[in-house]
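Colleague: I have a structure I would like to understand better, so I am pasting it below and will then ask my questions one at a time.
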Amino acid sequence: MAEAKKYPAPVTNPETAPFWEAAKQGKFLIKRCTACGEPHYFPRSICPFCFSDKTVWEESSGEATIYTFSLMRKSATGPYAIAFVTLKEGPSLQTNIVDCDMDKLRIGQKVKVVFKPTDGAPLPFFTPA
Amino acid sequence: MTIKGKAYIAGIYEHPTRHAPDKSTAQLHAEVAKGAIEDAGLTKADIDGYFCAGDAPGGAWPMVDYLGLKVRHIDSTETGGCSYLIHLGHAAEAIAAGKCSIALLTLAGKPRTGPLPARATGAEVDFEAAYGATTHNAYGMCAMRHMHDYGTTSEQLAWIKVAASHHAQYNPHAMLRDVVTVEDVLNSPMISDPLRRMDCCVVTDGGGAMIVTTPEIAKSLKKPLVRLIGHGEAMKGPRGGKDLDLTYSAGVWSGPRAFEEAGVTPQDIKYASIYDSFTITVLMQLEDLGFCKKGEGGKFVSDGNLISGVGKLPFNTDGGGLCSNHPVNRGGMTKVIEAVRQLRGQAHPKVQVPNCDLAVAHGTGGLLGVRHAASTCILERV
């Protein structure tokens, strides 16, 4: 393996700080609206569906499937796999698939969350389950 | 209320340059403005509305001052590459409402000479920026899912580039003028799976401009009459991760709005300018606009169906972004310009569509695979 890639530290803000605090404990949080019941990601204080402010943090299982991906071959820091994955809880999100044989990735493949360090809070990525 | 027939495109200009290290970005804006004003047969003093997007250095007020304009209506809506299609719709709205009578729209910049300023980030930045989404891989993800869901192939995508190259051979300003084959496209290096180098548009310096005006003023000028009869705009994103579906674009909403306002259908269209940042962009938008059913875009674009004089739907007869020009990584302006050339009967004779009286210019801006805008303009020769 090449040496560990350096990732930028999240800037964070008052709305999202609890997500990053949880990330430091290895927990991957999503938001759920208690008014309409819908989960969402990335986290907002006001539900993007029903616009209720009754949103709460919820720990995700971190289990997901690959919705789509692309292997970026032209990169100064080496090839990487960008993807959208769909969490078991419902929301889809953008990520990289890491620590894997990139040529064997496929749509529908099961993946799980893994955190990578930065100079600040760790960042969530996904890796084959 | 409708904008149907209330605004005419009286002047167009595409900068002939594709590489301009010896010019400033503001200067390129001025050069394309001058070109469009002269094409319309007007003077700068006639301009009373100005439209620009994120490529204009500093935005609207420095540009208005630099160009020496005195305007009573401004609009700097920024939706990436389709900004200029949205500006055309908004200019028609402003003209219909009497807010201005002669609008100038400009686009210019120099990504070939040097990197563009970083795109402004949104609330998603901490949750996405680290993953390295670029145009190549965001559109690559769209193509990957389209292939998975519908069996679309690289060969089918390649036909889009082949058609563009057939047109570009007649454009002396086109950056890439060589006619290419499906095999050439498939043999070009992989950039971001499944998109290869020849699935990607060119990166060019340059720009373009247009003049939009009232029916009365347009008829007083000595130019063929081209008017806007329908316009639609829309946006699409993953919306909290619930709506992620990368097999269609916001064109599924902007298209029907434009066609309904115009009172025509895709089957009536004689010529189509379709945003071509990548081959997959064209394929998805053709489906979204209703030129074929969802999932059948691959079949629709194959066997030269987009080549003027050969297929059923001549597209991007200037060579488009895939071969000719994609100034400032923003293709919306040149999409309108080539549609106007077709409607005026001023396209290259080898690619001019006979009796071209109805055209569509359509584009998207932002990242099709992440979040983006779309705009559809239906244009008619009077």
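The values are calculated or read from the model by the stated rules, or taken from the named source; none is laboratory data. Treat the numbers as computed from the prediction; the structure is a model and nothing was measured. Counting neighbours? That spans all protein chains shown, and the Cβs are built from the backbone with ideal geometry, glycine included.
Colleague: Between B:357, B:318, B:288, B:303, which is under 30 Å from residue A:92 (Cα atoms) and either among the acidic types (Asp, Glu) or in contact with a Lys or Arg (Cβ under 6 Å, 6 or more places away or on another chain) (or both)?
Modeller: B:288
Colleague: In the set B:116, B:88, which member is touching a residue at least 24 places away in the same chain (Cβ under 8 Å) and part of a loop (DSSP other than H, G, I, E, B)?
Modeller: Residue meeting the stated conditions: B:116.
Colleague: Moving on to the next point. Going by what's in this entry, would residue B:277 be described as in contact (Cβ under 8 Å) with a residue 40 or more places away in the chain, buried (at least 24 other Cβ atoms within 10 Å of the Cβ) and over 18 Å from residue B:141 (Cα atoms)?
Modeller: Against the criterion (in contact (Cβ under 8 Å) with a residue 40 or more places away in the chain, buried (at least 24 other Cβ atoms within 10 Å of the Cβ) and over 18 Å from residue B:141 (Cα atoms)), residue B:277 does not qualify.
Colleague: If we keep just the residues of the stretch A:5-46 that are assigned to a loop (DSSP other than H, G, I, E, B) and under 16 Å from residue A:92 (Cα atoms), which is farthest from the other protein chains (Cβ to nearest Cβ)?
Modeller: Per the stated criteria, the residue is A:28.
Colleague: Considering each residue of the stretch A:92-108, count those that are facing chain B (nearest Cβ under 7 Å) and within 23 Å of residue B:196 (Cα to Cα), and give that number.
Modeller: Of the residues in the stretch A:92-108, 4 are facing chain B (nearest Cβ under 7 Å) and within 23 Å of residue B:196 (Cα to Cα).
Colleague: Now for a separate question. Name the residues in the stretch B:152-210 that are hydrophobic (A, V, I, L, M, F, W, C), in a loop (DSSP other than H, G, I, E, B) and out of contact with any Pro (no Cβ under 6 Å at 6 or more places or on another chain), would you?
Modeller: Scanning the stretch B:152-210 gives B:174, B:175, B:176, B:179, B:180, B:201, B:202.
Colleague: Give me the pairs, please: first residue somewhere in the stretch A:54-71 and away from every other protein chain (no Cβ under 14 Å) and over 19 Å from residue B:369 (Cα atoms), second residue anywhere and outside any strand (DSSP E or B) and acidic (Asp, Glu), beta-carbon distance under 7 Å, and either six or more positions apart or on two chains.
Modeller: Going by the 7 Å Cβ cut-off, the qualifying pairs are A:61/A:89.
Colleague: Does residue B:162 satisfy the criteria of being within 8 Å of another protein chain (Cβ to nearest Cβ) and surrounded by 15 or more Cβ atoms within 10 Å (Cβ to Cβ)?
Modeller: no
Colleague: Residues that are in a strand (DSSP E or B), out of contact with any Cys (no Cβ under 9 Å at 6 or more places or on another chain) and under 20 Å from residue B:136 (Cβ atoms): does the stretch A:50-67 have at least one?
Modeller: yes
Colleague: More than 23 Å from the chain's Cα centre (by Cα) and either at negative phi or in a helix (DSSP H, G or I) (or both), is that true of residue B:21?
Modeller: Yes, satisfied.
Colleague: Oh, and also: Filter the stretch A:115-128 for residues that are outside any loop (DSSP other than H, G, I, E, B) and either more than 9 Å from the chain's Cα centre (by Cα) or surrounded by fewer than 18 Cβ atoms within 10 Å (Cβ to Cβ) (or both) and give the result.
Modeller: Across the stretch A:115-128, the qualifying residues are A:115, A:116, A:127, A:128.
Colleague: Here's a follow-up. Does residue A:89 fit the bill of being part of a loop (DSSP other than H, G, I, E, B), surrounded by 12 or more Cβ atoms within 10 Å (Cβ to Cβ) and more than 9 Å from every other protein chain (Cβ to nearest Cβ)?
Modeller: yes
Colleague: Can you pull out the residues in the stretch B:243-282 that are modelled with pLDDT of 95 or more, farther than 23 Å from residue B:92 by Cβ and charged (D, E, K, R)?
Modeller: B:245, B:276, listed by residue number.
Colleague: Identify all residues within the stretch B:209-252 that are among the hydrophobic types (A, V, I, L, M, F, W, C) and free of Cβ contacts under 8 Å to residues at least 60 places away in the same chain; write none if there are none.
Modeller: B:244, B:252
Colleague: How many residues does the stretch B:195-228 hold that are surrounded by fewer than 20 Cβ atoms within 10 Å (Cβ to Cβ) and either within 14 Å of chain A (Cβ to nearest Cβ) or among the aliphatic types (A, V, I, L, M) (or both)?
Modeller: Total satisfying the criteria: 5.
Colleague: Test residue B:150 against the stated conditions and say whether it is over 30 Å from residue B:241 (Cβ atoms) and among the aromatic types (Phe, Trp, Tyr).
Modeller: no
Colleague: Turning to a different aspect of this structure: When residue B:147 is evaluated against the numbered criteria (1) outside any helix (DSSP H, G or I); (2) within 14 Å of another protein chain (Cβ to nearest Cβ); (3) among the aliphatic types (A, V, I, L, M), which criterion, by number, is the only one it fails?
Modeller: (1)
Colleague: Residues in the stretch B:31-77 that are in a helix (DSSP H, G or I), in contact (Cβ under 8 Å) with a residue 40 or more places away in the chain and of a type outside the set (D, E, K, R): how many?
Modeller: Here the count works out to 8.
Colleague: Working carefully through the options A:35, A:23, A:76, find the one that is of a type in the set (Gly, Ala, Ser) and in contact (Cβ under 8 Å) with a residue 40 or more places away in the chain.
Modeller: Of the residues listed, the single one that is of a type in the set (Gly, Ala, Ser) and in contact (Cβ under 8 Å) with a residue 40 or more places away in the chain is A:23.
Colleague: Here is a follow-up. Return only the number of the condition from (1) away from chain A (no Cβ under 14 Å); (2) surrounded by fewer than 17 Cβ atoms within 10 Å (Cβ to Cβ) that residue B:291 does not satisfy.
Modeller: The one condition residue B:291 does not meet is (2).
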